[in-house]
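The values are calculated or read from the model by the stated rules, or taken from the named source; none is laboratory data. Small disclaimer: the values here were computed from a predicted structure and weren't measured. Positions of Cβ are backbone-derived with ideal geometry, glycine not excepted, and every protein chain shown enters the neighbour counts.
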Amino acid sequence: MASGWTGAAIVSALAMAIAPAWAQIESAPVVTDRTRATLVADGTAAPGAALPIVLHLQLKPGWHTYWRNPGDSGEPASVVLHVRGTDIKGPDVWPVPERIDAAGIISYGHHGDVVLITTIPAAAVIAGSDLQIDAEATWLVCEKVCVPETGRFALRVPVAAGAAPAGAHSLQKRVPPLPSITSASFARTAQSLTLHVPVASLGAADGRVSGVYFFPERGDLVDHSAPQVLQPTDNDVALAMPVTQLPAASVTIMRGVLAITRQRSDGTQHTEAFQLAAQPAAP
């Protein structure tokens, strides 16, 4: 948890909204000196289909909040949806994080417009009955100091067959599914963990790989403040990272987001992200 909190901004907003099938449904906002927060659904829900619900955080310039693994400091957002007597915890879908360096303390987080998705399972979306969603959320925002914030929200979402798909301006489309890499492996010693990613799994994008950064989902695998060293070969991209003191036997699979930067032939750079699941390398 980051230090230097100056207080808590605990604000509640209870609202219900019903809109046409093609329009987003948005709760009343929770507004603080740093954040405007709303709970959003993409219009009418289709019966028997999972329903993504967005916690939309609009942060003032200079402020950031945290990813699912916050790194060396911070705390991730938490969402609880109350739907038909069941508590659904999230978020389960996060944007690609940024690496935030505060005087050598490395954290992973988000600035600006932040979209965090919690998915209501298909079994809870029943035809002929509106979906009442009550929610509580907590998130931590930081600039020079950190402030924990809390909001209460409510939505009523109609459920009807033939519901329109999410529109082009849907908030959930700001967090598209990442391409997956499942052919990666990792090797661990007492001092370092090296991730090996086959070049073929990175696609045929233009340009040579000039930078790689791995955001692990677990916070206890690598030393976040230490440099990640790129060691490319003809067949794979290797990334060496100093480890924490976690025993090697406890790491059976390594998940996270891999950010690849390429130097294009025209001199420009492009960064793309992949969802990665790496298995232990064969002995």
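Note on the stretch 94-145: among residues that are more than 30 Å from E272 (Cα to Cα) and in contact with a Leu (Cβ under 6 Å, 6 or more places away or on another chain), the one that is surrounded by the most Cβ atoms within 10 Å (Cβ to Cβ) is I133.
Kindly establish whether T189 is farther than 30 Å from V40 by Cβ, at pLDDT 85 or above and polar (S, T, N, Q). So T189 fits the description; yes. A Cβ distance below 6 Å, combined with a sequence gap of six or more or placement on separate chains, defines the contacts here; from the stretch 59-80, residues that are at positive phi reach residues that are among the acidic types (D, E) in the pairs G62/E143. Does Q279 satisfy the condition of being of a type outside the set (D, E) and in contact with a Ser or Thr (Cβ under 6 Å, 6 or more places away or on another chain)? Spelling it out, Q279 is indeed of a type outside the set (D, E) and in contact with a Ser or Thr (Cβ under 6 Å, 6 or more places away or on another chain). In this entry, P216 passes the filter for residues that are touching a Lys or Arg at 6+ places or on another chain (Cβ under 9 Å) and within 22 Å of S107 (Cα to Cα).
Of the residues contained in the stretch 263-275, none is found to be under 30 Å from T118 (Cα atoms), touching a His at 6+ places or on another chain (Cβ under 9 Å) and modelled with pLDDT of 90 or more.
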